[in-house]
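Colleague: What follows is a single structure, and I will ask about it in a moment.
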Amino acid sequence: MCINFRPPDPEMLAAVMGILVGLHELDWKTETWKDYPAPIVRRGADGGREGVLATYGLVPRKRQRPGNYFDTLNARSETIGELHWYKGPWKQQQLCLVPMTAFYEPSYEKDESKAEWWGIGMEGKSMFAVAGMWRSWDGDAGLETSFTQLTMNADSHSLMKRFHGREDEKRMLVILPESDWDEWLNCRDPEFARSFIRHFPAELMVSREAPRAPRAKKPKAATAPVPAPPKNLDFGF
């Protein structure tokens, strides 16, 4: 399932969603990976949209027991109300929007033994939003926020069923149309929230090959800096 995506820049986020809330003073990378900070949008105390910088993965690695690490980047919508780490925030309807301009998935259509990475986005390189869920943690400098993305089965989706291996279950992010953004953020009923979990039209989406940049060579010196995760080459999204 999706393990990295490309968030919008602050100017695009402000133009499309109408939020700032200090995000111009903060910085995030052009691609988001596990435990990286990225902007999310949630319901504020005044009932309007609130922009927050949060880390990707509902349970950050630093909050996990050493030697027993696990991923919470994507929450399966079918079991979100049952699994330990998700059921609390889901019951409290701590819902958010995860804005992005592209996400990345592996394809094995050309070679079943080797993944080719593809970027998926919208026509016109426009920003879109994925249904997410957030939670807060007590940190040294105050409350810290983390988030996860909701996913659903994509066996019948004409575009997203092309990705991942032949034997893998086909999954896709729950992309919300703009007309649903505020209703999702203001939802307080877990059962009603499930009505938003549906396939986004494939004809409104585009996909392009997004080859990974070459990995940095392993440094010889033990004290050399560890290279960052490999980046996707910019292919237009």
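Colleague: Looking at segment 160-193 only, could you name the residues that are within 26 Å of residue 112 (Cα to Cα) and either buried (at least 19 other Cβ atoms within 10 Å of the Cβ) or under 18 Å from the mean Cα position of the chain (by Cα) (or both)?
Modeller: 160, 163, 164, 170, 171, 172, 173
Colleague: Mind checking whether some residue in segment 15-32 is at pLDDT 95 or above, touching a strand residue (DSSP E or B) at 6+ places or on another chain (Cβ under 6 Å) and under 17 Å from residue 96 (Cα atoms)?
Modeller: Yes, some residue in segment 15-32 is at pLDDT 95 or above, touching a strand residue (DSSP E or B) at 6+ places or on another chain (Cβ under 6 Å) and under 17 Å from residue 96 (Cα atoms).
Colleague: Further, regarding this structure: Identify the residue in segment 48-104 that is part of a loop (DSSP other than H, G, I, E, B) and among the small types (Gly, Ala, Ser) and, among all such residues, is surrounded by the most Cβ atoms within 10 Å (Cβ to Cβ).
Modeller: Only one residue fits best here, namely 57.
Colleague: Need the failing condition index for residue 109 against (1) under 20 Å from residue 3 (Cα atoms); (2) in contact with a helix residue (DSSP H, G or I) (Cβ under 8 Å, 6 or more places away or on another chain); (3) in a strand (DSSP E or B), just the number.
Modeller: So the condition that residue 109 fails would be (3).
Colleague: Does residue 44 meet the test of being free of Cβ contacts under 8 Å to residues at least 40 places away in the same chain, surrounded by 14 or more Cβ atoms within 10 Å (Cβ to Cβ) and in contact with a helix residue (DSSP H, G or I) (Cβ under 7 Å, 6 or more places away or on another chain)?
Modeller: It is false that residue 44 is free of Cβ contacts under 8 Å to residues at least 40 places away in the same chain, surrounded by 14 or more Cβ atoms within 10 Å (Cβ to Cβ) and in contact with a helix residue (DSSP H, G or I) (Cβ under 7 Å, 6 or more places away or on another chain).
Colleague: Moving on. Within segment 91-108, count every residue that is touching a strand residue (DSSP E or B) at 6+ places or on another chain (Cβ under 8 Å) and farther than 16 Å from residue 52 by Cβ.
Modeller: Matching residues across segment 91-108 total 8.
Colleague: Just checking, which of 139, 124 is farther than 29 Å from residue 88 by Cα, out of contact with any Gly (no Cβ under 9 Å at 6 or more places or on another chain) and at pLDDT below 95?
Modeller: Step by step, each of 139, 124 is checked, and only 124 is farther than 29 Å from residue 88 by Cα, out of contact with any Gly (no Cβ under 9 Å at 6 or more places or on another chain) and at pLDDT below 95.
Colleague: Pick from segment 92-112 the residues that are under 25 Å from residue 123 (Cβ atoms) and among the charged types (D, E, K, R): which of them is nearest to the chain's Cα centre (by Cα)?
Modeller: Per the criteria, the residue is 105.
The values are calculated or read from the model by the stated rules, or taken from the named source; none is laboratory data. Predicted model, so just to flag it, every value in this text is computed and none were measured. Glycine gets a Cβ as well: all are built from the backbone with ideal geometry, and neighbour counts include every protein chain shown.
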